[in-house]
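The values are calculated or read from the model by the stated rules, or taken from the named source; none is laboratory data. Just so you know, these numbers come straight off a predicted model, no measurement behind them. Counting neighbours? That spans all protein chains shown, and the Cβs are built from the backbone with ideal geometry, glycine included.
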Amino acid sequence: MKYDKVVLAGGNGYLGRVLQDYYKELAREVIVLSRKPAKSYKNVKTVVWDASSVGDWVEYLHNADIVINLCGKNVNCRYTTKNQAEIISSRVVPTTLLAKMIATLPTPPRLWINITSATIYRHAEDRAQDEVTGEIGYGFSIEVCRKWEEAFFQVETPGTRKVALRMGIVLGKRDGAFPRLHTLARLGLGGRQGNGQQYVSWIHEQDAARCTEWLLQNEALSGVFTCTSPKPVKNEVLMSAIRNASGMPFGVPSPAWLLEIGAKIIGTETELLLKSRWVVPKRLLDHQFEFSYPTIEHAVNDIVWQR
């Protein structure tokens, strides 16, 4: 085993399960901090915490190679006042708690990665956004990201390196956005969404996992990193790639007004589909991170045809 201990806070969601599968082959033990108990398997152990108060879970942070914080209520909901408050608190409270605990440990983790979001950048159709020259947007989802990263960086952790990883849309077979888009494509409904010109900044799930290990190995790196493919695509290109991989020759488009109606029915927001997220991973590229799936065609074909 390459590593002794990996800790995944809030690690039972989609990306958390991807990271469990990735690190269980690399670490002696993988600790998942979760609000709900779960059966241990192989070298993966779930430890219950409430994500808001000190408890026995703190002992598992000692001497960890890496802590990855994935806590946060799913944003795939209507932005009611209640949901907005829960979305913010479910990110800020656990992050603040982890910061206070890690700062006081005599043997703290080597690296703490906070999975934040590339949606922090503004709606961009004119030029790509990155960690150096990108412009922070405005609105509720951006405010969530601001407060999230403020909570992450506000406490000094002298013994622990910190990276805020601004994640794009993670594509994989089991969960997340891709299975839903794939289903639409197979039903002949996988045309462009809105005008199809909005950019999608995406990342294959394996590159997302590999990126966290790469950051662990590159000990001189810290601060903000964007975790997206180096080749974002427009929505119409994404949907075309999914249709092609699915063998579907056509896809009925979904105009913005229809998406708004559908969003209200299923309880979500059209921003998740219509905001143009044109983001590139400048710092990853500058430091020679090698993507296994840099193009959308390669990524989609791998996901569709994997067993």
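General remarks:
- Subset tally (residues that are closer than 19 Å to L97 by Cβ and outside any helix (DSSP H, G or I)) for region 129-155: 2
- Test result for P294, surrounded by fewer than 17 Cβ atoms within 10 Å (Cβ to Cβ) and either closer than 17 Å to R166 by Cβ or touching a helix residue (DSSP H, G or I) at 6+ places or on another chain (Cβ under 9 Å) (or both): yes
- Per-region count, region 43-74, residues part of a loop (DSSP other than H, G, I, E, B) and buried (at least 19 other Cβ atoms within 10 Å of the Cβ): 7
- Residues that are over 17 Å from the mean Cα position of the chain (by Cα) and surrounded by fewer than 17 Cβ atoms within 10 Å (Cβ to Cβ), drawn from region 144-162: E150, F153, Q154, V155, E156, P158, G159
- Yes/no for E125 being surrounded by fewer than 16 Cβ atoms within 10 Å (Cβ to Cβ) and either in contact with a strand residue (DSSP E or B) (Cβ under 9 Å, 6 or more places away or on another chain) or more than 30 Å from G196 (Cα to Cα) (or both): yes
- Total residues in region 170-186 satisfying the condition of being in contact with a Gly (Cβ under 9 Å, 6 or more places away or on another chain) and without any contact (Cβ under 8 Å) to a residue 40 or more places away in the chain: the figure is 2.
- Options L216, L221, L171: the member that is crowded, with 19+ Cβ neighbours inside 10 Å, of a type in the set (A, V, I, L, M, F, W, C) and more than 13 Å from the chain's Cα centre (by Cα): L216
- Scanning region 243-283 for residues that are at pLDDT 85 or above and within 23 Å of C227 (Cα to Cα) yields R277, W278, V279, V280, P281, K282, R283.
- Among the residues listed as R17, R28, R78, the single one being surrounded by fewer than 14 Cβ atoms within 10 Å (Cβ to Cβ) and in contact (Cβ under 8 Å) with a residue 40 or more places away in the chain: R78
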